[in-house]
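Structure first, then comments.
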Amino acid sequence: MGFASMSVIELVLVLSLSFFHGGEGVLSTLDGPFKPVTVPLDNSSRGKAVDLSDTDPVVQRVVEGFEPEQISLSLSATYDSVWISWITGEFHIGYNITSLDPKTVASVVQYGMYGLPITDEATGYSLVYNQLYPFEGLQNYTSGIIHHVRLTGLMPDTLYQYQCGDPSISAMSDVNYFRTMPVSGPHSYPSRVAVVGDLGLTFNTTSTVDHMISNHPDLVLLVGDVSYANLYLTNGTGSDCYSCSFSQTPIHETYQPRWDYWGRYMQPLVSKVPIMVVEGNHEIEQQAENQTFVAYSSRFAFPSEESGSSSTFYYSFNAGGIHFIMLGAYISYNKPEDQYKWLERDLASVDREVTPWLVAAWHPPWYSTYMAHYREAECMRVEMEDILYKYGVDIVFNGHVHAYERSNRVYNYTLDPCGPIHIVVGDGGNREKMAIAHADEAGNCPEPSTTPDEYMGGFCAFNFTSGPAEGKFCWDRQPDYSAYRESSFGHGILEVQNETHALWTWHRNKDMYNLAGDEIYIVRQPDRCPVESGGFEVLSEH
């Protein structure tokens, strides 16, 4: 059953039910490092990498006037605060567009604990964004009115109900529900965190999301590449080739209504389960005056200010005893720049007695053995890997490569019992299809000159200087740091059990939702791997 057909009661159960995937016999990272495994390609699993059409009922606008649509929920930095976002009014696309006035509609959320009268009210802010092309023949876009309201003073691990909109013009949403995160502490965790990347809006996407909902997440982590609106010309014509269809245009186009379709499709889930997003390369979306990432930065609410960040590209938040750090791979990551300085401050503020688990996420992986995007983020790794290792990051989540891969504990391409586990989940199901070729297979090793960080302008991927691949750009077999890889669409679930043990399961779309294609306990060893810690919490919780 797809989530679009789920009742309110069923979706409330998504937030309240609890079950446990793991069982006896599941290996842990203490049993590693593991001999590398490559699952043979199953061509039947490639599925339908075809986008939902703009006539599909799940992407249609079903509200009237200024009634809210595309409602979504995201976390603030701590459990006692969340963001509610939505859109009112219709977008406009064409050669002569007129933007809506955000001041014409209020941003109001009425809310209260489930089972009690809705008596609390919060107000926020609103905006409209444009995607403009100063070139003849390209259509421009202006969004509906986007609203962001922050609720504060919430109780931990508590079910709330809310309505959003403008009560003064009788334009309020139906009642929705969400559960707050548990209070931060070494014995307090969300039951299940879903992790997915490179989602898009294809028939594969719908399978991924249906499977993900069946696993009852309390939180969704989307590690970049959201709507893939930039695989469309401004006239709505889609492309299966990122570059070839745009070679004759003066700028890489994007069809912004795909963002609205994505928001409508996802609303039944993300209006009740918070989603935390970090930017990917498909969110760049260059437009007039060299503006980029405007849709991404406008449509989502981020706990940037609450976590001391000045950017939507990087921020942090707590979910129980987990401290999440979301990093930007498409903004400067060098040591003298703002992001790196913020990362230093944020890591130094983490008290591992309060939030034992430290999880980092960004879009392009440092440790992927697929030919696609091989060592593309090497400059970011060179700049940031040391500090993440120094502070003992436990798990790293990435997307970008459209396949699944889990590493052994690794640091600087070397097996290290204190290094993080790197997990690539860029297999959400977008229209660019699945990554299949591995860089270590004969004839697949790319030329080093083809692997720079094109957006940030760096080149750091040189031949290895030590180890089994010394003097080479690629290994001649699956590298030791790669524990498991498989080309199949799916999503992952992280279930932190206590301050040292977390169960990670990866679920393939071709399987029943309760089966795991990959399953392992990730075990922290704080006694063996002491880390630097600030010993205090900068993020206050009430």
>> Among the residues in the range 315-324, are any surrounded by 20 or more Cβ atoms within 10 Å (Cβ to Cβ) and either without any contact (Cβ under 8 Å) to a residue 12 or more places away in the chain or over 22 Å from residue 181 (Cβ atoms) (or both)?
In response: no
>> Quick test for you: out of 306, 344, 337, 353, pick the one residue that is without any contact (Cβ under 8 Å) to a residue 40 or more places away in the chain and more than 25 Å from residue 260 (Cβ to Cβ).
In response: 337
> Given the conditions (1) more than 16 Å from the chain's Cα centre (by Cα); (2) at pLDDT 95 or above, and given that residue 290 satisfies all but one, which numbered condition is not satisfied?
Replying inline: (2)
> Across the range 182-211, which residue is nearest to residue 239 (Cα to Cα) among those that are touching a helix residue (DSSP H, G or I) at 6+ places or on another chain (Cβ under 8 Å) and among the hydrophobic types (A, V, I, L, M, F, W, C)?
Replying inline: 201
>> Please go through the range 478-521 and give me each residue that is under 21 Å from residue 417 (Cα atoms), in contact with a Ser or Thr (Cβ under 9 Å, 6 or more places away or on another chain) and open to solvent by 20 Å² or more (accessible area, probe 1.4 Å), ordered by number.
In response: 478, 480, 484, 501, 519, 521
>> Can you tell me which of (1) in a loop (DSSP other than H, G, I, E, B); (2) modelled with pLDDT of 95 or more; (3) out of contact with any helix residue (DSSP H, G or I) (no Cβ under 6 Å at 6 or more places or on another chain); (4) not basic (Lys, Arg) is the one residue 473 doesn't meet?
In response: (3)
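Which of the residues spanning the range 504-521 are assigned to a strand (DSSP E or B) and not hydrophobic (A, V, I, L, M, F, W, C)?
505, 507, 508, 518, 519, 521
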> Can you tell which of 401, 393 is open to solvent by less than 10 Å² (accessible area, probe 1.4 Å), in contact with a His (Cβ under 6 Å, 6 or more places away or on another chain) and not in a helix (DSSP H, G or I)?
Replying inline: 401
>> Go through (1) closer than 30 Å to residue 205 by Cβ; (2) surrounded by fewer than 21 Cβ atoms within 10 Å (Cβ to Cβ); (3) at pLDDT 95 or above for residue 463 and report which single condition fails.
In response: (1)
> Hey, which of the strands (runs of 3 or more DSSP E) in the range 54-100, taking only ones fully inside, have at least 2 residues that are in contact (Cβ under 8 Å) with a residue 60 or more places away in the chain and touching a helix residue (DSSP H, G or I) at 6+ places or on another chain (Cβ under 6 Å)?
Replying inline: 69-75
>> Restricting to the range 480-503, give me the number of residues that are outside any loop (DSSP other than H, G, I, E, B), small (Gly, Ala, Ser) and over 19 Å from the mean Cα position of the chain (by Cα).
In response: 3
> Residue check, residue 428 against (1) free of Cβ contacts under 8 Å to residues at least 60 places away in the same chain; (2) at negative phi, all met but one. Which one?
Replying inline: (1)
> Can you tell me which residues in the range 424-433 are part of a loop (DSSP other than H, G, I, E, B) and surrounded by 23 or more Cβ atoms within 10 Å (Cβ to Cβ)?
Replying inline: 426, 427, 428, 429, 430
> What pairs come up if the first residue lies in the range 106-133 and is closer than 19 Å to residue 83 by Cα and of a type in the set (A, V, I, L, M), the second is open to solvent by less than 40 Å² (accessible area, probe 1.4 Å) and assigned to a loop (DSSP other than H, G, I, E, B), and their beta carbons are under 7 Å apart, counting only those six or more places apart or on different chains?
Replying inline: 113/158; 128/143
> Looking only at residues in the range 224-275 that are in contact with a His (Cβ under 9 Å, 6 or more places away or on another chain) and open to solvent by 20 Å² or more (accessible area, probe 1.4 Å), which one is nearest to residue 202 (Cα to Cα)?
Replying inline: 242
> Just checking, how many residues over the range 434-460 are open to solvent by 70 Å² or more (accessible area, probe 1.4 Å), among the hydrophobic types (A, V, I, L, M, F, W, C) and more than 19 Å from residue 40 (Cβ to Cβ)?
Replying inline: 1
> Scanning for something within 24 Å of the chain's Cα centre (by Cα) and open to solvent by less than 40 Å² (accessible area, probe 1.4 Å), does the range 87-101 turn up at least one residue?
Replying inline: yes
> Inside the range 404-419, can you point out the residues that are surrounded by fewer than 24 Cβ atoms within 10 Å (Cβ to Cβ) and assigned to a loop (DSSP other than H, G, I, E, B)?
Replying inline: 408, 409, 412, 413, 416, 417, 418
> Do we have residue 131 as touching an Asp or Glu at 6+ places or on another chain (Cβ under 8 Å), of a type outside the set (Ser, Thr, Tyr), at positive phi and open to solvent by less than 80 Å² (accessible area, probe 1.4 Å) here?
Replying inline: no
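The values are calculated or read from the model by the stated rules, or taken from the named source; none is laboratory data. The model shown is predicted, which means the values in this text are computed figures rather than measured ones. Reconstructed Cβ throughout: ideal geometry from the backbone, glycine too, with neighbour counts over all protein chains shown. Remember, those area values only see protein heavy atoms, side chains included, never the ligands or the DNA or RNA. Shrake-Rupley method; radii C 1.70, N 1.55, O 1.52, S 1.80 Å.
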